[in-house]
1. Out of the residues in segment 223-246 meeting the condition of being part of a strand (DSSP E or B) and either without any contact (Cβ under 8 Å) to a residue 40 or more places away in the chain or touching a Gly at 6+ places or on another chain (Cβ under 6 Å) (or both), tell me which one is most open to solvent (accessible area, probe 1.4 Å).
2. Could you identify the single residue in Gly279, Gly320 that is touching a helix residue (DSSP H, G or I) at 6+ places or on another chain (Cβ under 7 Å), modelled with pLDDT of 95 or more and assigned to a helix (DSSP H, G or I)?
3. Within the set of pairs 6 or more residues apart or between chains, which connect a residue that is within 20 Å of Leu178 (Cα to Cα) inside segment 247-272 to a residue that is open to solvent by 90 Å² or more (accessible area, probe 1.4 Å) and part of a strand (DSSP E or B) with Cβ atoms less than 8 Å apart?
4. Quick one: would you say Ser161 is of a type in the set (Gly, Ala, Ser) and either within 16 Å of Tyr296 (Cβ to Cβ) or without any contact (Cβ under 8 Å) to a residue 60 or more places away in the chain (or both)?
5. Checking Asn263 against (1) open to solvent by 10 Å² or more (accessible area, probe 1.4 Å); (2) under 29 Å from Gly440 (Cα atoms); (3) out of contact with any strand residue (DSSP E or B) (no Cβ under 6 Å at 6 or more places or on another chain): exactly one of these is not met. Which one?
6. Would you please list the contacts, defined by Cβ atoms under 6 Å and residues six or more apart or on different chains, that run from a residue in segment 433-462 that is in contact (Cβ under 8 Å) with a residue 12 or more places away in the chain and aliphatic (A, V, I, L, M) to a residue that is within 11 Å of the ligand (Cβ to nearest atom) and assigned to a loop (DSSP other than H, G, I, E, B)?
Amino acid sequence: MDALSISRNAASNEGRGRGAEHLAPDGAGQNFYAIDRGLRDLLPLYLAADDFQKLEPHFDRLGELAGGRLDELARMADKHPPVLHPRDRFGRDEDWIDYHSSYREMENIAFGDFQFHAMSHRAGALGMERPLPAVAKYALQYLFVQAEFGLMCPISVTDTSIHLIRKFADKALQDYLLPKMLSGDVATMWKGTQFMTERAGGSDVGAIETTARFEDGEWRLYGDKWFCSHADADVALMLARPDGAAEGTKGLALFALPRRLKNGRRNAYRIVRLKDKLGTRSMASGEILLDGAVAYLVGDIDAGLKQMMEQVNLSRLSHGVRAAAMMRRCLNEAMVCARGRRAFGHTIIDYALLRRQLLKIAMPVEQSLSMFLFAASAMDRAHAGAADAANILRILTPLLKFRACRDNITVATGAMEVRGGNGYIEEWVNARLVRDAHIGVLWEGTSNINALDIITRAVGKSGAHRALGAALAKLLDEASAIPAAFRNRLHGKIRQAFDFAERVAAAPAQEAHARAAASSLYHSTSAALMCWEASRPGVDARRALLARLVLDQRLSARNPLEPEAFDCEGGAAELIFAERKVSLPEIAGLL
Ligand SMILES: Cc1cc2nc3c(=O)[nH]c(=O)nc-3n(C[C@H](O)[C@H](O)[C@H](O)COP(=O)(O)OP(=O)(O)OC[C@H]3O[C@@H](n4cnc5c(N)ncnc54)[C@H](O)[C@@H]3O)c2cc1C
């Protein structure tokens with residue numbers, strides 16, 4: 001190319017690029033830990049001091065990766081989804097899935113560098129001399145998912161499969177599977193998954209048609225699994241009905257299905273095709289045909305579903321965390337847009353109407369953060385033997401899954417709108433966040449199924465809400481730095497929400513209110529947690545303003561035709577703290 005054409009080319013490039021400065025940047029390049037005031041404030045509250053001290057550099061490193069390299073890889077992996085090859089080049093039915101190099105690099109970060117799958121089962125991950133507490137594991141998931149959502153499914157389901165094998169499998173099976181599954185060597189480790197759903201039933205698990213036959217001294221599975229995420233995992237946990245077993249959920253047994261047999265050959269099942277999905281496009285979900293595949297019975301043959309529910313509940317908690325993470329990414333994106341885009345001569349964050357939208361995005365983000373950290377700390381306390389903690393975790397798990405996953409959809413759409421038209425364009429992360437948000441209300445139980453679990457089982461059968469109510473009352477008593485009038489209002493709302501849930505649980509005719517009752521439990525619980533957190537040393541006291549917003553926006557009747565001075569702007573919405581006066585406009589500083 002001669003000098004003239006180079007200079008012509010440069011000029012035309014300059015021409016093409018002109019105007020780029022008008023567009024707001026995106027969150028790429030940020031450290032998602034460093035900019036997350038809520039997370040940084042709360043982790044020292046929910047983690048033991050020495051754990052926090054040891055782990056903080058890893059939170060920081062992952063925050064930087066999530067805004068940097070991981071973010072780049074996630075963009076590429078979304079655009080280059082996995083491809084199924086049904087046969088090998090010799091025509092053998094040895095299906096295999098081809099992943100883009102960006103996905104493989106993310107696997108190295110997740111399974112090799114951070115060892116997410118093993119970190120709460122054994123020492124050694126992140127240099128820790130013992131397994132990580134649940135709070136730390138879920139905080140790390142939260143940071144990772146701000147960049148990449150799809151891969152968190154294989155990561156989490158490997159973690160939860162290990163849990164089931166450790167808890168229910170006999171010693172021989174544990175000895176066979178666990179060393180491979182707990183390995184940190186990405187090239188040779190065995191990853192796990194969970195296949196339950198069939199065409200006959202996703203919610204209605206009792207309708208499962210896959211059968212198990214005991215043939216020549218081993219179990220063999222026959223059937224057709226309709227939704228199989230992480231389709232090419234090395235070990236799949238699944239439910240099947242042994243020949244002659246009862247109908248419905250009672251007759252289901254739990255099996256571990258290896259992809260390869262002990263002799264190295266492929267097991268007798270095939271991935272028939274991959275799903276063409278709205279979201280989670282980096283990760284392979286497929287359909288599986290089982291044709292006499294060898295499987296190992298896990299635990300008690302009569303307790304398949306009961307055992308599998310442990311995995312479902314762990315996945316539900318992780319799904320809640322993933323929704324919280326994606327919402328945080330949406331908020332980060334909305335904030336850089338709001339600060340970087342100008343319209344009508346002003347930066348758009350200067351407009352009260354836009355700030356109100358930002359607050360409506362921020363509130364569910366912070367609610368979900370408090371809820372998942374409190375749930376994870378209940379898990380840690382339950383492991384340490386605290387009597388009330390198992391019940392608290394029991395009810396918080398479906399609450400978080402139900403509400404945070406629903407909120408994620410609204411938040412993703414809200415953040416897209418803040419970016420304007422570019423938010424709809426696939427070059428920007430918002431479009432992916434909108435697509436990915438929707439799966440949360442489907443897998444591991446739809447909103448209805450989770451709401452019914454909360455109300456009919458956790459409240460109605462187990463009475464788990466009572467432990468939660470007692471814990472919240474104690475926290476509110478501890479929050480003496482917050483004005484008593486506000487705490488009393490919170491006490492009142494909690495009582496009302498818990499009464500509502502009990503009424504719905506007690507009367508089958510009230511079932512149609514299960515979602516509303518579950519939402520009230522979620523909102524009152526999260527408001528109480530944020531109030532308590534705000535009262536703790538080192539936590540931004542303005543968190544109580546978010547608690548106040550939850551009460552006003554989610555738990556109080558409002559007249560749409562006579563709105564009160566909006567909480568975000570009006571002087572009426574001031575909270576007087578013991579040491580200082582804070583008004584809601586200050587909340588901008590929280591974001
Ligand atoms: C991308 C993707 C990946 C997936 N990966 C996996 C996987 O790896 N493993 C796996 O096992 N499954 C997986 N699933 C399946 C998922 O868990 C199910 O789709 C989900 O549980 C819903 O089941 P279903 O599709 O059969 O819907 P249905 O159960 O038919 O539900 C249809 C509607 O009926 C409602 N409904 C059902 N029963 C009731 C009731 N009693 N009261 C009120 N409403 C009710 C539901 O809320 C829903 O709105 C995946 C799904 C998707 C989309």
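1. Residues of segment 223-246 that are part of a strand (DSSP E or B), as a first pass: 223-229, 235-242.
Within this subset, residues satisfying the condition of being either without any contact (Cβ under 8 Å) to a residue 40 or more places away in the chain or touching a Gly at 6+ places or on another chain (Cβ under 6 Å) (or both) are 228, 235, 239, 241.
Details: Cys228: 1, Val235: 4, Leu239: 0, Arg241: 28 Å².
Going through the qualifying residues, I end up with Arg241.
2. Working: Gly279 fails: assigned to a helix (DSSP H, G or I).
Checking each option against the conditions leaves just Gly320.
3. As it stands, the answer is Arg266/Arg260; Asn267/Arg260, since those pairs meet every condition given.
4. Working: of a type in the set (Gly, Ala, Ser): yes; either within 16 Å of Tyr296 (Cβ to Cβ) or without any contact (Cβ under 8 Å) to a residue 60 or more places away in the chain (or both): yes.
Taking the combined requirement at face value, the residue satisfies it.
5. Just one mismatch for Asn263, condition (2).
6. Ile439/Gly279; Ile439/Thr280; Ile449/Ser203
Here is a yes/no grid of residues against (1) away from the ligand (no atom under 13 Å from the Cβ); (2) not acidic (Asp, Glu):
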{"position": "Asp243", "(1), (2)": "yes, no"}
{"position": "Pro258", "(1), (2)": "yes, yes"}
{"position": "Lys262", "(1), (2)": "yes, yes"}
{"position": "Asn267", "(1), (2)": "yes, yes"}
{"position": "Leu274", "(1), (2)": "no, yes"}
{"position": "Gly279", "(1), (2)": "no, yes"}
{"position": "Ser282", "(1), (2)": "no, yes"}
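Conditions tested, residue by residue: (1) within 11 Å of the ligand (Cβ to nearest atom); (2) out of contact with any Pro (no Cβ under 8 Å at 6 or more places or on another chain); (3) open to solvent by less than 30 Å² (accessible area, probe 1.4 Å).
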| residue | (1), (2), (3) |
| --- | --- |
| Ala437 | no, yes, yes |
| Gly445 | yes, no, yes |
| Ile455 | no, yes, yes |
| Ala481 | no, yes, no |
| Gly492 | no, yes, yes |
| Phe500 | no, yes, no |
| Arg515 | yes, yes, no |
| Tyr522 | no, yes, yes |
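The values are calculated or read from the model by the stated rules, or taken from the named source; none is laboratory data. Treat the numbers as computed from the prediction; the structure is a model and nothing was measured. Virtual Cβ from ideal backbone geometry, glycine too; neighbours counted across all protein chains shown. SASA here: full protein model, heavy atoms, side chains in, ligands and nucleic acids out. Shrake-Rupley method; radii C 1.70, N 1.55, O 1.52, S 1.80 Å.
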